[in-house]
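Here's the structure we're looking at; comments come further down.
Any read-out appearing in this document is the output of simple, stated calculations on the displayed coordinates, not a laboratory observation. Model, not experiment: these values are computed from the prediction. Using ideal geometry, Cβ is built from the backbone for each residue, glycine included, and neighbour counts are taken over all protein chains shown.
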Amino acid sequence: MTLHRTPAALVLAMFVISQQASGSSADAWQTFRDQVRSTCLAQVPFLKDPAIHVEPFGTEHHGVALLSGAEQEGQPAEVRVCIYDKAAKTAEVSGPLPGVALEVPAQAPAALP
């Protein structure tokens, strides 16, 4: 009898773990992307009209975004990396990445979960 309960308990445990790992709702992911976007943009007030591309889900502990913008009118845009700490809800921005250009899409990407 114990042999039959063990597989059932294992299946139940795997189901619970998979539900936790499968992530959050679409609204939660959108909230995460909005937090990354606003926190990263707040770190670069010196960029004129910066463009930002937020990686939709980040890593286990961080959100990631690419920023592009010029410090002064007429200068070429520079690309920077923003790392958002999910636990602390803070961000750090790198210096410019030499020789890297960032294309801004003409339209918004398709909706994400």
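Summary table
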{"read-out": "Members of segment 74-96 that are in contact (Cβ under 8 Å) with a residue 40 or more places away in the chain, over 16 Å from Q30 (Cα atoms) and either surrounded by fewer than 14 Cβ atoms within 10 Å (Cβ to Cβ) or in contact with a Leu (Cβ under 6 Å, 6 or more places away or on another chain) (or both)", "value": "C82, T90, E92"}
{"read-out": "In segment 54-73, residue nearest to A88 (Cα to Cα) [restricted to those that are surrounded by 17 or more Cβ atoms within 10 Å (Cβ to Cβ) and not hydrophobic (A, V, I, L, M, F, W, C)]", "value": "G63"}
{"read-out": "Meets criteria (within 14 Å of D34 (Cβ to Cβ), of a type outside the set (F, W, Y) and free of Cβ contacts under 8 Å to residues at least 24 places away in the same chain) for V54", "value": "yes"}
{"read-out": "Checking G99 against (1) assigned to a loop (DSSP other than H, G, I, E, B); (2) under 30 Å from A26 (Cβ atoms), the condition it does not meet", "value": "(2)"}
{"read-out": "Number of positions in segment 26-61 that are in contact with a helix residue (DSSP H, G or I) (Cβ under 9 Å, 6 or more places away or on another chain) and in a loop (DSSP other than H, G, I, E, B)", "value": "5"}
